Each structure stands twice: as C-alpha cells, then as structure tokens.
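Student: There's a structure below that I have some questions on.
The values are calculated or read from the model by the stated rules, or taken from the named source; none is laboratory data. All of these numbers come straight from a predicted model, not from anything done at the bench. No Cβ is skipped: glycine too gets one built from the backbone with ideal geometry, and neighbour counts run over all protein chains shown. Note: areas computed on protein heavy atoms with side chains; ligands, DNA, RNA excluded. Shrake-Rupley method; radii C 1.70, N 1.55, O 1.52, S 1.80 Å.
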Amino acid sequence: MFKISQFLFIFFPAICLANAEVDLLKRLVMIESGSKQIDKVNEVQAILKSELTRLGFTTKQIAPPDGIKTGDLLVSTLKGASQQTITFLVHADTVFEPSSGFSGFNISSDGSIAKGPGVIDDKGGMVVLIFGLQEYLKTGIPKYTLKVVSSPSEEIGSPGFEEQFQAFSKDSILVLGFEPSLDNKNIISSRKGNAWFQIDVEGRETHAGRAHKEGINACVELAEKITQISKLTNYQKNTTVNVGHIEGGQDKYNIVCGNASAKIDTRFETLEEQGLIKRKISEILKSPQVYSVNDHVPSKITFNISSESPPFAKGPHNRYLIKYIAAVEAAEGKSIGDEQSGGSADSNSFSRKDLPIIDGLGPSGGKMHTKDELIYLPSLQTRSRALTLFLKGL
Ligand SMILES: [Zn+2]
C-alpha cells in the first residue's frame, strides 16, 4: 500500500520534515554541549534518557573517575528474547566550546539542510538511533538485547571510560556506531588504530674536549633508535611510523649531549599489527647501543605510550555489513559503499578480535568540526529507516 506519508515525503520533503525528527534535533543542537560544558552535556544525556525510557529501556548514569572533568556516561539497556547484545554508540558532546562562537540551528530556505554545532556529529546520530529503534520496537520484543552507550566526551577521547568500553565490548555480538556517514554517504567498515610513543634517553654530560671518553651521548643513542624504529613503516600492510619531534642536549657545541627525547606516532590496520609494532619498538629500545668509553656505563632509555587506540578491521563482519548497506540502499534508492575512515572514534575502543563493528551509521551532511557543519535533513529519516530495516532483517 502506498501511504499518504510516503507520497508527501517523495513530493514535499521539506513539508514532511517539519516533524518530530527535526524538532528533536533542534532541541539537542540548541543545548551547547562542548565537551567541557558538563551541565550541558548532562542535559543532552537527560533528553536521550527520557526518549529511551519512553521506548522501554532502563538507564544508568556512570560518573567519570575522580580527577576527570566530564559529564556522565549514559548506558541504557532493553532486554530482548536473547541475552546476546547489540551495542549502539552515540555521544552527547561536541567540539564546539562557547568560545567557538558557533551556535543556533538554522534551516535552509528549501528545508533540506540545517546547520548548527553538532548537527551531524553527533546529535543527528542520536536522532537517527532513537527513531530507528522506535520504529523497530513497534514489532514487539526485540530479538537481541539492545544496549545504547552515550559518551559525554567522545571528542576528547572519552577519558576514564576505556575499561567500561572493553567490558561492554565483551558482552556484545555486534557494535553499531552512529557517527555521521562519510561525505560521499558511505558507511565506515574499518578505522585505523594508533599508538603514540614518548621516548626519553638519559646520557652523561661531559666536556666535549677534555672528557669525551667519559660522556654518554644521548643524542647519538636517540638517533640510532629512531632510525631503526622508522624502518618499521610497511606500506603494504598500511602500517606507518612517524618521528614527529626530537629534542636533546643543550644549545652548545662543546658539551656531550646528556639527554634526548622523541615523539613517535604509529598507525596500523589490525590488532595483530598493533601487537607487532609495540613488541618491535620495545625490543629496539630494550638494549642501549651507546656507552661511555671509560667506565662502560650505557645510556638509559625509557618510553611510555601516551595515547593508544586499537583499530577495527573489516574482516570478520561482512555478513552484517552487506545487510546494512542493503538496508541503506533500500531506504534511499541509491547505491552506497563502505570504506575506511582515517579518524578514530569510540568505536575503536570497542575493538577486539572477531567482534563485528560498523560505524558512520548516522545521517549524512558535511564539514563536521567546522563552523559550517551541516546535515541533509532527509537523511534523518532514511538512515533511521535503514536501521529499522537492518534490525528487522536479523
Ligand atoms: Zn562524533
């Protein structure tokens, strides 16, 4: 049967979109929830909580650990026929603090585009998720248990919630992220991971002329090590190592360099490569090569990983990916694809071996993280319809 609402949507999308989805999006965007605006972030979480409670979810709020100043993590669960859990990811914060000067919610004159802080990233994603679930839940008790995880601080890496995310990951059979789709409307089937290494070398400062043999040259040691480490780049595997910064010694010619440090960025596509690169770098740094000639004391090398995000790969979940692409195509009547995204997101933190993850399932638009961030309003309906179709087809 051809419904009147479908007729209106095809011929008068602008009229049709003066509706519940846009109203909710506007309410969310008008709350200026930059990651540091704790009260505003919690206000967004409260709206999500009331929407999900209306759909039958039970919710709990988890405060960040002491010393971390963000809003609360919101975790909402709806028991399904099976204990097996599908986890949905959204976030309540935006990159726009009040100092950005970007605020408001403005719709273009033809009604097809809206602009505002977080309009696709990630408030549009929240709207897609809520309406997609609402339609799906009209069919009765869900087949799987559904869990919605909403971060208060995704844009700054969700600090303090890494262990929670790994615990939720262990309970999930599938993770679906509602970050915006890519600019060409494709969805995200993999994200690279990264690890940042801070390396410090301690040597011994001496007079370069009178006591050269007693010195331990930290600059030379660092140079030896970063030369070896940078050779770990492997373009075939899409693994890269970048020496981003080095410093060392005093601004003098005649003092043996007493300390040196480097910042190194590594990126990889698989959990195996992540493990491999970490093992190889610690192996290289384990044994110093520079000693003082006089007493054979070696340089002292220490390192730490200052930030780390695991990758998720496309491999094991083609079955779900193919279904989701088909659902988007059915909802939009156009073909779309999937690709890797360079950026990392909360979905990276859920990565574990053989867990299927798909991201970029939110609305389409563009210019995210800029003051021109925009959403194609019809995609609110088509992407939530795609979610409903996907869940019904499981
Ligand atoms: Zn986002």
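Student: Return the residue satisfying two criteria in turn: it lies in the stretch 360-388 and is surrounded by 24 or more Cβ atoms within 10 Å (Cβ to Cβ) and of a type in the set (A, V, I, L, M, F, W, C), and of such residues it is nearest to Pro310 (Cα to Cα).
Tutor: Out of the qualifying residues, it is Leu361.
Student: Consider Thr233 carefully, then state whether it is in contact with a Ser or Thr (Cβ under 8 Å, 6 or more places away or on another chain) and under 30 Å from Lys353 (Cβ atoms).
Tutor: Details: in contact with a Ser or Thr (Cβ under 8 Å, 6 or more places away or on another chain): yes; under 30 Å from Lys353 (Cβ atoms): yes.
For Thr233, the condition - in contact with a Ser or Thr (Cβ under 8 Å, 6 or more places away or on another chain) and under 30 Å from Lys353 (Cβ atoms) - is met.
Student: Can you find, within the stretch 104-148, the residue that is farthest from Ala81 (Cα to Cα) among those that are in a strand (DSSP E or B) and among the polar types (S, T, N, Q)?
Tutor: This residue is Asn106.
Student: Then there is this: Let me confirm something: among Phe96, Phe88, which residue is within 16 Å of the ligand (Cβ to nearest atom), in contact (Cβ under 8 Å) with a residue 40 or more places away in the chain and part of a strand (DSSP E or B)?
Tutor: Details: Phe96 fails: part of a strand (DSSP E or B).
Going through Phe96, Phe88 in turn, just one is within 16 Å of the ligand (Cβ to nearest atom), in contact (Cβ under 8 Å) with a residue 40 or more places away in the chain and part of a strand (DSSP E or B): Phe88.
Student: Within the stretch 164-183, can you find the residues that are away from the ligand (no atom under 16 Å from the Cβ) and either within 15 Å of Asp354 (Cβ to Cβ) or touching a residue at least 60 places away in the same chain (Cβ under 8 Å) (or both)?
Tutor: Once the filter is applied, which keeps residues that are away from the ligand (no atom under 16 Å from the Cβ) and either within 15 Å of Asp354 (Cβ to Cβ) or touching a residue at least 60 places away in the same chain (Cβ under 8 Å) (or both), the stretch 164-183 yields Gln164, Gln166, Phe168, Ser169, Lys170, Asp171, Ser172, Ile173, Leu174.
Student: Would it be correct to say that Gly80 is open to solvent by less than 60 Å² (accessible area, probe 1.4 Å), in contact with a Ser or Thr (Cβ under 6 Å, 6 or more places away or on another chain) and at pLDDT 95 or above?
Tutor: yes
Student: Considering only the stretch 213-233, state which residues are surrounded by 15 or more Cβ atoms within 10 Å (Cβ to Cβ), assigned to a helix (DSSP H, G or I) and either at pLDDT below 95 or out of contact with any helix residue (DSSP H, G or I) (no Cβ under 8 Å at 6 or more places or on another chain) (or both).
Tutor: Answer for the stretch 213-233, where residues must be surrounded by 15 or more Cβ atoms within 10 Å (Cβ to Cβ), assigned to a helix (DSSP H, G or I) and either at pLDDT below 95 or out of contact with any helix residue (DSSP H, G or I) (no Cβ under 8 Å at 6 or more places or on another chain) (or both): Glu214, Ala218, Cys219, Val220, Glu221, Leu222, Ala223, Glu224, Ile226.
Student: Quick one: in the stretch 184-206, which of the residues that are in a strand (DSSP E or B) and either charged (D, E, K, R) or open to solvent by 10 Å² or more (accessible area, probe 1.4 Å) (or both) is farthest from the ligand (Cβ to nearest atom)?
Tutor: It comes out as Arg204.
Student: Please enumerate the residues belonging to the stretch 275-289 that are under 15 Å from Asn304 (Cα atoms) and either of a type in the set (A, V, I, L, M, F, W, C) or open to solvent by 60 Å² or more (accessible area, probe 1.4 Å) (or both).
Tutor: Ile277, Lys278, Arg279, Lys280, Ile281, Glu283, Ile284, Leu285, Lys286, listed by residue number.
Student: State the number of residues belonging to the stretch 335-359 that are within 21 Å of Val148 (Cβ to Cβ), away from the ligand (no atom under 16 Å from the Cβ) and surrounded by 16 or more Cβ atoms within 10 Å (Cβ to Cβ). Step through it out loud before you land on a result.
Tutor: Initially, the stretch 335-359 is screened for residues within 21 Å of Val148 (Cβ to Cβ), giving 344-352, 355-359.
When the remaining residues are screened for being away from the ligand (no atom under 16 Å from the Cβ), the result is 351-352, 355-356.
Still in the list and also surrounded by 16 or more Cβ atoms within 10 Å (Cβ to Cβ): 351, 355-356.
Within the stretch 335-359, residues that are within 21 Å of Val148 (Cβ to Cβ), away from the ligand (no atom under 16 Å from the Cβ) and surrounded by 16 or more Cβ atoms within 10 Å (Cβ to Cβ) number 3.
Student: Looking at Gly124, Gly101, can you tell me which residue is open to solvent by 40 Å² or more (accessible area, probe 1.4 Å) and either polar (S, T, N, Q) or touching a residue at least 60 places away in the same chain (Cβ under 8 Å) (or both)?
Tutor: Working: Gly124 fails: open to solvent by 40 Å² or more (accessible area, probe 1.4 Å).
Answer to the check: Gly101.
Student: With a cut-off of at least 1 residues that are in contact (Cβ under 8 Å) with a residue 40 or more places away in the chain and hydroxyl-bearing (Ser, Thr, Tyr), name the strands (runs of 3 or more DSSP E) lying wholly within the stretch 234-315.
Tutor: Because the criterion is at least 1 residues that are in contact (Cβ under 8 Å) with a residue 40 or more places away in the chain and hydroxyl-bearing (Ser, Thr, Tyr), the strands (runs of 3 or more DSSP E) in the stretch 234-315 that meet it are 259-268, 300-309.
Student: Return the total of residues in the stretch 130-158 being within 16 Å of the ligand (Cβ to nearest atom) and either crowded, with 16+ Cβ neighbours inside 10 Å or closer than 23 Å to Asn318 by Cβ (or both).
Tutor: Looking only at that region, the number is 10.
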